[in-house]
Amino acid sequence: MNFTIITHVLHKKEETHLYGYGPYVWEMNIWFKYVDQVSIVAPLLKDKVGNIDLAYQHPELNFQEVPALALTTPVGILRSLLFLPLVSWRTYKAMQTADHIHLRCPGNMGLLGCLVQILFPNKTKTAKYAGNWDPKSKQPLAYRIQKYILSNTFLTKNMQVLVYGDWENQSKNIKPFFTATYSVSEKESIEKPSLDPVIELIFVGSLVKGKNPMYAIRLAEKLIKKGKNVVLNIYGEGVEKEILRDYIKVNQLENHVLLHGNQNQDIIKKAYKKSHFVVLPSKSEGWPKAIAEGMFWGCVPVATKVSCVPFMLDYGNRGILLDMDLEKDVIQLEEILENEKAFFSKSKLALEWSQNYTTTVFETEIKKILTE
């Protein structure tokens, strides 16, 4: 089987290895176990490989470089229009020789892939929609178009669209799914430390406005001002980093809010294990890996009511759903900080739920999709 991926993920090359964003490549390497050949159509960077990058693992891998498509600025739109014929042609040619077409959505390449796949109604196809599938959520036009095409059984045939959450009134194309990071063998009975003397919070994600790391800092700051000994460890990189660093300095939070940058999975795992809460005040999510990972190690999740997050937190029974009102959210945190029994109860429930979603279960489901 020639398994062909159309993705916007930016790739890097080092010697004979091809690298991409670690969590995505890790997942794709599981798909690759059940295919003979892999073809990837995606943009390529000349940057050096970083801590968060991971190498693809497959002996028969063909990479087809295309220019990155960017539609957020006038210059980007003009450049993308100039390159669109080339990118479309290479996408079409890759699909023409594919046995299984796999789209990564939402994204600019995903949008193009959604349009081109219409020309191949008889080919077996999957799409991983890693964003928020909630039909009621407000989303950019490009995202709405992708969701419409993927759902439409006239335009999109022979397709399984893997989405996060189980939503009502969906077409037969749509398949509720999940993701995972840890294996069955990694399961542990975690005993969290007491909330005294230090309360440890962790944020893992890109330092961008959409992930809202500033809100996590302001939550920690409010608790500190109320006399709580809070430490917030932030893992990730992004355009907001300097803004966050300046805020930390100006407000004299250096001893309480620590920026660690991108770190490998082992370091992140150790950080989860010693943390009490995992915080993600994100504006939009699909399946928030940071929340699921933190819960796997007994962290009580503190997250916004987006996508399938309310389901993950059992509507507040195994976590805290943020109202995005600083005063109200601080009160929610204070209530659990002053009741260790409630904290440990939510921690246990979070761990038990998340440890159902292991890589073993994930791989079994991927194998079913590819072999049925």
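Here are the numbers:
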item: Enumeration of residues in the stretch 303-359 that are under 19 Å from the mean Cα position of the chain (by Cα) and exposed (fewer than 15 other Cβ atoms within 10 Å of the Cβ); result: 305, 311, 356
item: One residue from 83, 120 being surrounded by fewer than 22 Cβ atoms within 10 Å (Cβ to Cβ), in the same structural domain as residue 38 (by TED's automatic domain parsing), in contact with a helix residue (DSSP H, G or I) (Cβ under 9 Å, 6 or more places away or on another chain) and of a type in the set (A, V, I, L, M, F, W, C); result: 120
item: Number of positions in the stretch 1-40 that are touching a helix residue (DSSP H, G or I) at 6+ places or on another chain (Cβ under 9 Å), over 14 Å from residue 103 (Cβ atoms) and in a loop (DSSP other than H, G, I, E, B); result: 4
item: Matching option when the condition is outside the structural domain of residue 341 (by TED's automatic domain parsing) and at negative phi, among 201, 219, 162; result: 162
item: Scope the stretch 291-326; condition under 13 Å from residue 215 (Cβ atoms) and either charged (D, E, K, R) or not assigned by TED's automatic domain parsing to the domain that holds residue 226 (or both); matching residues; result: 323, 325
item: Failed criterion for residue 153 (all others in (1) crowded, with 21+ Cβ neighbours inside 10 Å; (2) among the hydroxyl-bearing types (Ser, Thr, Tyr); (3) in contact with a Lys or Arg (Cβ under 8 Å, 6 or more places away or on another chain); (4) closer than 30 Å to residue 95 by Cβ hold); result: (1)
item: Residue match in the stretch 330-347 (condition: free of Cβ contacts under 8 Å to residues at least 24 places away in the same chain and not in a helix (DSSP H, G or I)); result: yes
item: Selection status of residue 48, under 26 Å from residue 181 (Cα atoms), basic (Lys, Arg), out of contact with any Lys or Arg (no Cβ under 7 Å at 6 or more places or on another chain) and surrounded by fewer than 18 Cβ atoms within 10 Å (Cβ to Cβ); result: yes
item: Contacts under 6 angstrom Cβ, first residue in the stretch 1-19 being not assigned by TED's automatic domain parsing to the domain that holds residue 94 and surrounded by fewer than 16 Cβ atoms within 10 Å (Cβ to Cβ), partner hydroxyl-bearing (Ser, Thr, Tyr) and modelled with pLDDT of 95 or more, 6 or more apart; result: none
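The values are calculated or read from the model by the stated rules, or taken from the named source; none is laboratory data. Keep in mind it's a predicted model, so treat the numbers as computed, not measured. Note: ideal-geometry Cβ built from the backbone for every residue, glycine included; neighbour counts use all protein chains shown.
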